[in-house]
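Notes to accompany the following structure.
The values are calculated or read from the model by the stated rules, or taken from the named source; none is laboratory data. A quick note: this is a predicted structure, and the numbers were derived from the prediction, not measured. No Cβ is skipped: glycine too gets one built from the backbone with ideal geometry, and neighbour counts run over all protein chains shown. Each accessible area value is taken on the protein alone, full model and side chains, heavy atoms only, with ligands, DNA and RNA left out. Shrake-Rupley method; radii C 1.70, N 1.55, O 1.52, S 1.80 Å.
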Amino acid sequence: MPLSPLDVPPFPVGETTWHVLGAGSLGSLWAVRLARAGLPVRLILRNPQRLAAYRATGGLRLVEDGTERLYPIPAESLDATTPIHRLLLTCKAYDAAPAAERLAPRLGASAELVLLQNGLGSQDAVAARLPGRRCLLASTTEGAFRDGDFRVVFAGRGHTWLGDAGRPPVWLDELAAAGIPHAWSEEIHSRLWRKLALNCAINPLSVLHDCRNGGLREHAREVAALCTELAELLRGCGQPAAAEGLQEEVERVIQATAANYSSMHQDVARGRRSEIAYLLGHACREASRRKLRLPRLEALQQRLQRHLAERGLPVD
Ligand code: NAD
Ligand code: KPL
């Protein structure tokens, strides 16, 4: 097959390529910024049909500050067989482990992965399928959404924390060169737990009350009671720092994002699978494993599962 313009690497030979699996909202945001900095980037698309659709589109479209630009980033399908040295995994939490398993034969012993999934549970599932490979965890407050095929809107500036038990990798400089605001975190688990608790306090209630985040100000007592149990869970899971001032932060986030629909609300409203299993599901599983009785959290999970089932959506 002749090479398409999207196959021709416009970057210096020798640099490690950033493979990006999950050319959705966050994946596109990262891919575009890395590519703009002259770094080698390659998207991994689900199948030859998606690859053909991408090529027909001519690249990724990113809308930033109201302006749309096209970025012809090289891409391949999941069937490719060349080695991957650095992988940015930006699919949803429930797709992460199957994707890692699929790519395992291409990931050598020195391969490094950055896992950008929300919640907890998917990261361990990925690592279990890739023994020996370095899996860095990431948590971000950046926001982006898809409003067309291969078209993404950069909706909210934020920051990304990365970390694992090792030392910061030298390629963090590449993120700086790409203008991706980030920091190395020695406490990445604490950050992920804190974010999970925030999501558990806000997202399910926003779905059940069918409201924007600001609508939860009408349900302040329910939010506060959940925060009490979530803080107990965090302490029980050995994350006391993540429990500190949780309710106050939840209230601040509700205020700051009052006009927004939570990500779970958006998923459910569009009939898409939610990440419940990696948020509230993970919280309830950890509580039960540690024999913590958290009745409000359990009741919330049951209500949310009923709500999802009634709409024909997966409950975990
Ligand atoms: P998304 O649905 O926009 O993108 C995910 C992409 O992964 C989709 O294009 C999907 O087709 C692709 N994908 C899934 N499995 C694949 C496979 N096997 N091969 C190739 N492609 C595959 O999701 P997103 O909003 O970018 O979210 C990704 C993760 O980041 C989620 O865990 C989310 O909670 C988290 N997150 C997102 C945001 C945001 O603003 N979008 C913010 C913070 C955290
Ligand atoms: O992260 C979020 C989400 O919607 O997933 C919050 C912080 C709740 C903002 O909506």
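In percent, rounded to a whole number, the relative contact order of region 128-183 is 31, using alpha-carbon pairs under 8 Å and six or more apart.
Remark on Arg42: its backbone amide H falls under 5 Å from those of Trp18, His19, Val20, a criterion applied only to residues 5 or more positions apart or on other chains, H modelled at 1.01 Å from N. With all projection directions averaged, the alpha carbon convex hull of region 167-294 covers 9.5 nm².
Select from Val20, Val152, Val268 the residue whose mean-square fluctuation is largest in a Gaussian network model of the chain (Cα-Cα springs shorter than 10 Å). Result: Val268 has the largest fluctuation of those listed.
Under the criterion of Cα pairs below 8 Å and six or more residues apart, the relative contact order for region 18-186 equals 23 percent.
Other residues whose C-beta falls under 11 angstrom from the C-beta of Ser110 contribute a net charge of +2, scoring Lys and Arg +1 and Asp and Glu -1. Remark: region 245-300 is approximated by an ellipsoid whose semi-axes, taken from the C-alpha gyration tensor as √(5λ), come to 23, 18, 8 Å, largest first.
How high is the relative contact order of region 135-238? Use alpha-carbon pairs under 8 Å, at least six apart in sequence, and give a whole percent.
Averaging sequence separation for qualifying contacts and normalising by length gives 20 percent for region 135-238.
Stokes-Einstein, applied to the Kirkwood radius of region 99-209 over Cα pairs at a viscosity of 1.306 mPa s and 10 °C, places its translational diffusion at 101 µm² s⁻¹. Along the axis of the charge dipole computed for region 159-299 (Cβ charges of +1 for Lys and Arg, -1 for Asp and Glu, origin at the Cα centre), the listed residues Ile188, Gln247, Cys237 are led at the positive end by Cys237.
At q = 0.16 Å⁻¹, what is the base-10 log of I(q)/I(0) for region 18-186 according to the Debye formula with one equal point scatterer per Cα and no solvent? Please give it to two decimals. Reported log10 I(q)/I(0), two decimals: -0.92.
Can you classify region 58-123 as rounded, prolate or oblate using the Cα gyration tensor, where a ≥ b ≥ c are the square roots of its eigenvalues, rounded means a/c under 1.5, and otherwise it's prolate if a/b beats b/c and oblate if not? Don't skip to the end; give the middle numbers.
Working: a/c = 2.42, a/b = 1.43, b/c = 1.70.
Since a/c reaches 1.5 but b/c is at least a/b, the shape of region 58-123 is classed as oblate.
Per residue, the Cα convex hull of the chain amounts to 134 Å³. Using a ≥ b ≥ c from the Cα gyration tensor of region 152-239 (square roots of the eigenvalues), is it rounded, prolate or oblate, where a/c under 1.5 gives rounded and otherwise the larger of a/b and b/c decides, a/b for prolate? It is oblate, given that a/c is not under 1.5 and a/b is not larger than b/c.
Accessible surface area normalised per residue over the chain is 46 Å², counting heavy atoms of protein chains with a 1.4 Å rolling probe. For the set Lys92, Lys195, Lys291, the ranking by accessible area, highest first and with no ligand, DNA or RNA atoms included, is Lys291, Lys92, Lys195 under a 1.4 Å probe.
Among the DSSP helices (H) of the chain, those spanning at least 27 angstrom by Cα along their long axis with an average Kyte-Doolittle hydropathy of -0.5 or more are 188-208; this is a geometric and hydropathy rule only.
Value of Rg to Rh for region 230-277, rounded to two decimals, is 1.10; Kirkwood radius and Rg both from alpha-carbon coordinates.
What are the GluC sites (Glu not before Pro) within region 226-257 that DSSP puts in a loop, where the Cβ has at most 11 other Cβ atoms within 10 Å?
Passing sites in region 226-257 do not exist.
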